[in-house]
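Inspection log for the structure reproduced underneath, given as structure tokens.
The values are calculated or read from the model by the stated rules, or taken from the named source; none is laboratory data. Values in this document were obtained by computation on a predicted structure and should not be read as measured data. When we count neighbours, we look across all protein chains shown, and the Cβ atoms used for this are built from the backbone with ideal geometry, even at glycine. Calculation scope for accessible area: heavy atoms of the full protein, side chains included, ligands and nucleic acids excluded. Shrake-Rupley method; radii C 1.70, N 1.55, O 1.52, S 1.80 Å.
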Amino acid sequence: VDFQEAGLAKSELRSLLEKKLLPHMMDYGHPAFQSMFNSFPEEGAEWGGRIALAYNQGVTNWQVSPAGASLEELCGRALCRLFGLDSDAEATFMYCGTYANHQALYMALHRYAEKRGFDLARDGLSGFSDLTRLKVLASRDAHFSLRHTLRFLGLGENSLVPLNVDRKRRIDVLQLKRQLPALRDQADIICLVATAGTTSTGSVDPLLPLAEISRSLNSWFHVDGAYGLAYSLVPERKDLFKGMDLADSLSWDPHKQLGVPIPCSLLFVRDKREFNRMTLYSDYFNRPHDNKPNPGLKSAPSTRPFSALPLAVSLRFQGLNNVIERLRAPLENIRLAAKKIKVLQDVELCLEPDTGILCFRITPESVPATRLNRLQEYIFQRIMEEGRRTLSITRLDQDKVLRLVVVSPQTGSRDLLETVETARSLAAEFEA
Ligand SMILES: Cc1ncc(COP(=O)(O)O)c(C=O)c1O
């Protein structure tokens, strides 16, 4: 890419893009796209996105877009009701799940400082007498955005205490309970983070017992539902999310599986007053006595995209029944594929999936255990190089595992099993 002085003719630019760029774009709508949390916009979402672009794509405040500022508020409240949150709950739109987690931990630390008698916003970390005691508890499988957050907050990654997981890769509550006396003794727990749908395996941590533990620790309870929270809307899976309404804050990324344009993320709080921890006034806007809706008082960005519009139009256009069906399809397809591969001799199902992610290993008799990690890497690379399908690879403890992700209804269980078959046949070419 080089930026020349005179503008290119549209036809020339189009042919450049068609030749050089488009062939390398990923087709999210292809049933063999099974690697990540991306999908094409749903029809209503696309329509909402076009309206935003044509009118006010930016929602900064009332002056920039009265419609945007109001709809963001209304959409946030409607989502609180949809997820069954308390009547005092509220939401703010965010650029991504990473920043939603970041803000949640900042608010947790702010509240903790308040209990210690000082204002974190004003005094910063200098108000704490011993920073090394401040800890955040989260699953060892929690998303790495938590580590980013702890870097940003100045607490450092060492303040994260990774919690062990059980066979389903959910936080092991019994083990955590045994750890509690020592943790109470040696640390000040500012926040317990549960993940509702871990990135690697889609596991949902046991929210209710974790909420109780968090209450006993007097700590903030954050649920990272960036990936999984949507599935709490599917009636058969609701039980998995019991206790989510007890969270002080919850992150959610509709941009992962709802077919809305990126970015579209939200942070919910159980008590709207918690957002006051974010409020920063200025002279030219975000002024203290304005009584108009102002999303910028609840989260940091001034320039913010009108993400609420594609989301609201999409949900109203489809209707909740269709939305739930759209969410249910991948869960069912993953469940069916898991059932089928369980009986194969040379395939190990790593765990029964909670949501829409399938983790497995190819384990032929001819390959010694010490070479199995290398085999999964080999299969992953071969499939990605061939370019006919995509999958991903991750690590569960010491084991490299292959990972299939489904977020759109186009990918059926047969498509998933074809990827497993491809992996099995490639294993035959691996030189152990
Ligand atoms: C559980 C979880 N939390 C947070 C994130 C980060 O979200 P984002 O990519 O929107 O920053 C992800 C992304 O995959 C995730 O899976």
**OP:** Report yes if Ser214 is more than 16 Å from the ligand (Cβ to nearest atom), of a type outside the set (Phe, Trp, Tyr), open to solvent by less than 60 Å² (accessible area, probe 1.4 Å) and not in a strand (DSSP E or B), otherwise no.
**Re:** yes
Original post:
So which pairs qualify, if the first residue must be in the range 355-383 and over 21 Å from Val405 (Cα atoms), the second must be surrounded by 14 or more Cβ atoms within 10 Å (Cβ to Cβ) and not aromatic (Phe, Trp, Tyr), the Cβ gap must be under 7 Å, and the two must be at least 6 apart or on different chains?
Top reply: Pro364/Asp346; Pro364/Ala427; Val367/Leu375; Leu372/Arg361; Leu372/Thr363
Subject >> Options Ala423, Ala432, Ala427: the member that is open to solvent by 60 Å² or more (accessible area, probe 1.4 Å) and aliphatic (A, V, I, L, M) >> reply: Ala432
Subject >> Residues (in a helix (DSSP H, G or I), open to solvent by less than 10 Å² (accessible area, probe 1.4 Å) and out of contact with any Lys or Arg (no Cβ under 7 Å at 6 or more places or on another chain)) located in the range 184-210 >> reply: Leu210
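Whether any residue in the range 271-285 is within 15 Å of the ligand (Cβ to nearest atom), within 23 Å of the chain's Cα centre (by Cα), more than 26 Å from Tyr231 (Cβ to Cβ) and surrounded by fewer than 24 Cβ atoms within 10 Å (Cβ to Cβ) is what I want to check.
no
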Original post:
So is Ser232 within 16 Å of the ligand (Cβ to nearest atom), in a helix (DSSP H, G or I) and open to solvent by less than 10 Å² (accessible area, probe 1.4 Å) or not?
Top reply: yes
Original post:
Among (1) assigned to a loop (DSSP other than H, G, I, E, B); (2) in contact with a helix residue (DSSP H, G or I) (Cβ under 6 Å, 6 or more places away or on another chain); (3) of a type outside the set (Asp, Glu), where does Gln410 come up short?
Top reply: (2)
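Filter the range 261-270 for residues that are more than 11 Å from the ligand (Cβ to nearest atom) and open to solvent by 10 Å² or more (accessible area, probe 1.4 Å); which is farthest from Leu315 (Cα to Cα)?
Taking the range 261-270 and keeping what is more than 11 Å from the ligand (Cβ to nearest atom), we get 261, 267-270.
Still in the list and also open to solvent by 10 Å² or more (accessible area, probe 1.4 Å): 261, 270.
Values: Pro261: 13, Arg270: 23 Å.
Taking the candidates together, the pick is Arg270.
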Original post:
Name the pairs whose Cβ atoms lie under 7 Å apart, with the first residue in the range 7-31 and in contact (Cβ under 8 Å) with a residue 24 or more places away in the chain, the second open to solvent by 80 Å² or more (accessible area, probe 1.4 Å), and 6 or more positions between them or separate chains?
Top reply: Tyr28/Phe40; Gly29/Phe40; Gly29/Gln410; Pro31/Gln410
Original post:
What residue, of Asn56, Asn61, is within 15 Å of Ala308 (Cβ to Cβ) and at pLDDT 95 or above?
Top reply: Asn56
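Working only within the range 235-254, note down all residues that are of a type outside the set (A, V, I, L, M), open to solvent by 10 Å² or more (accessible area, probe 1.4 Å) and closer than 15 Å to Ala91 by Cβ. Give the steps one after another, and end with the answer.
Going residue by residue through the range 235-254, those that are of a type outside the set (A, V, I, L, M) are 235-239, 241-243, 245, 248-249, 251-254.
Of the ones still in play, those that are also open to solvent by 10 Å² or more (accessible area, probe 1.4 Å) are 235-239, 242, 245, 248.
Asp245, Asp248 - these are the residues of the range 235-254 that are of a type outside the set (A, V, I, L, M), open to solvent by 10 Å² or more (accessible area, probe 1.4 Å) and closer than 15 Å to Ala91 by Cβ.
Answer with yes or no whether Arg178 is charged (D, E, K, R), away from the ligand (no atom under 16 Å from the Cβ) and either outside any strand (DSSP E or B) or in contact with a Gly (Cβ under 6 Å, 6 or more places away or on another chain) (or both). Steps first, please.
On the way: charged (D, E, K, R): yes; away from the ligand (no atom under 16 Å from the Cβ): yes; either outside any strand (DSSP E or B) or in contact with a Gly (Cβ under 6 Å, 6 or more places away or on another chain) (or both): yes.
Taking the combined requirement at face value, the residue satisfies it.
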Original post:
Hey, among Leu16, Leu53, Leu22, which residue is surrounded by fewer than 18 Cβ atoms within 10 Å (Cβ to Cβ) and touching a Leu at 6+ places or on another chain (Cβ under 8 Å)?
Top reply: Leu16
Original post:
Would a scan of the range 385-401 turn up a residue that is part of a helix (DSSP H, G or I) and buried (at least 18 other Cβ atoms within 10 Å of the Cβ)?
Top reply: no
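Please count how many residues of the range 217-229 are within 14 Å of the ligand (Cβ to nearest atom), in a loop (DSSP other than H, G, I, E, B) and not hydroxyl-bearing (Ser, Thr, Tyr). Quick ask: steps written out before the conclusion?
Looking only at the range 217-229, we keep the residues that are within 14 Å of the ligand (Cβ to nearest atom), and these are 222-229.
If we keep only those that are in a loop (DSSP other than H, G, I, E, B) too, we end up with 226-228.
Of the ones still in play, those that are also not hydroxyl-bearing (Ser, Thr, Tyr) are 226, 228.
Qualifying residue count for the region: 2.
Pick out the one residue from Cys350, Cys359 that is touching a Ser or Thr at 6+ places or on another chain (Cβ under 6 Å) and of a type outside the set (A, V, I, L, M). Give the derivation first.
Numbers: Cys350 fails: touching a Ser or Thr at 6+ places or on another chain (Cβ under 6 Å).
Result of the check over Cys350, Cys359: Cys359.
Looking at Phe128, Phe118, Phe93 in this structure, which one is among the aromatic types (Phe, Trp, Tyr) and under 30 Å from Leu309 (Cα atoms)?
Working: Phe128 fails: under 30 Å from Leu309 (Cα atoms); Phe118 fails: under 30 Å from Leu309 (Cα atoms).
Just one listed residue meets the conditions, Phe93.
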**OP:** Would you mention how many residues in the range 88-105 are within 11 Å of the ligand (Cβ to nearest atom), in contact with a helix residue (DSSP H, G or I) (Cβ under 6 Å, 6 or more places away or on another chain) and not aliphatic (A, V, I, L, M)?
**Re:** 3
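Is it true that some residue in the range 42-49 is within 16 Å of the ligand (Cβ to nearest atom) and under 30 Å from Lys238 (Cα atoms)?
Within the range 42-49, the subset within 16 Å of the ligand (Cβ to nearest atom) is none.
No, the range 42-49 contains no residue that is within 16 Å of the ligand (Cβ to nearest atom) and under 30 Å from Lys238 (Cα atoms).
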Subject >> Selection from the range 300-316 of residues that are surrounded by 22 or more Cβ atoms within 10 Å (Cβ to Cβ) and of a type in the set (Ser, Thr, Tyr) >> reply: Ser307, Ser314
**OP:** May I ask you to list the residues in the range 406-428 that are of a type outside the set (Val, Ile, Thr), at pLDDT 95 or above and over 13 Å from Asp346 (Cβ atoms)?
**Re:** Gly412, Ser413, Arg414, Asp415, Leu416, Leu417, Glu418
